[in-house]
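Asker: Below are the C-alpha cells for one structure; questions will follow.
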Amino acid sequence: MCYNSGETQVNLSLPLVECAVTKGCNIVKKTVSKTTKLVERSDEHWRKLLSPEAYHVCREGGTEAPFSGTLLHNKSTGEYLCACCQTPLFASANKYDSGCGWPSFDAPITPDSIRYLEDKSHGMQRIEIRCARCDCHLGHVFNDGPATTGERYCVNSVSLIFNKID
C-alpha cells in the first residue's frame with residue numbers, strides 16, 4: 001500500500017476544468033469534487049515508492065512506449081487502481097481494445113476520481129487525465145471512443161495497478 005494511517009490528508013478543492021479544446025467535445029463541464037481528500041507526498045517518497053519508469057510517467061507526466069504496457073491485453077475482471085494512491089479509477093467492464101497501444105476505457109468508475117487538464121504540449125490540443133486524489137498522470141482522454149460514451153480514456157499501464165476480482 002502506498003499510504004498508511006499516518007498520512008497527511010487535506011480537504012482542498014481542485015481547479016475545475018472545462019473542455020473547450022475541440023468543437024463537439026464530449027468532455028465538457030466534467031469537474032472534480034470539492035471534497036476530494038488529497039494525498040500529498042514528497043518527491044523523495046514518490047521516488048522510493050515507484051520504479052524509475054513509473055516515476056517518470058506518474059509524477060513527471062511522461063508516456064510509456066505504445067504496446068509495451070503490462071495491462072494492455074489484460075482481460076480479467078476487476079478494477080484498475082491508481083499506482084500511486086490505489087484509488088479505484090476504472091472498471092474492467094469499461095475497458096476495450098482501441099488499437100492505440102495503451103489500455104483504453106470508455107469511462108472512469110466515477111467522474112470525481114479523475115482530474116481533467118488542458119494539455120497543449122507537443123503541438124497538440126488534448127485533455128490530460130490525472131488521479132484526482134494524488135495528481136498521478138494517467139494519460140489523456142479523447143472524443144473518439146465507442147458509442148457507449150464517445151470517450152477514449154487512453155491510460156499508461158504503469159499508472160495503474162490491477163485488482164483482480166474473482
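Since every read-out is calculated from the coordinates, none of them should be taken as a lab result. This structure is a prediction, so every number in the text was calculated from the model and none was measured. Here the Cβ positions follow ideal geometry from the backbone for every residue, glycine too, while neighbour counts run over all protein chains shown.
Asker: Starting from the Cα-Cα distance between residue 110 and residue 91, subtract it from 0.36 nm times their residue separation and give me the gain in nm to one decimal. Please list the in-between numbers first.
Answerer: Values: separation 19, 0.36 × 19 = 6.84 nm, distance 0.98 nm.
Between residue 110 and residue 91, full extension yields 5.9 nm more.
Asker: If each residue of separation counts as 0.36 nm, what is the full-extension length gain between residue 100 and residue 65 once their alpha-carbon separation is subtracted?
Answerer: Separation in residues times 0.36 nm, less the Cα-Cα distance, equals 11.5 nm.
Asker: Around residue 160, which amide H atoms from residues at least 5 apart in sequence, or from another chain, sit under 5 Å from its own amide H, with H modelled in the peptide plane?
Answerer: 83
Asker: Give the peptides 123-132, 140-149 in descending order of average Cβ contacts within 10 Å, highest first.
Answerer: Put in order of decreasing packing, that is 123-132, 140-149.
Asker: Right, next: Taking 0.36 nm per residue of separation and subtracting the Cα-Cα distance, what length does fully extending residue 42 through residue 121 add?
Answerer: Full extension of this stretch gives 25.9 nm more.
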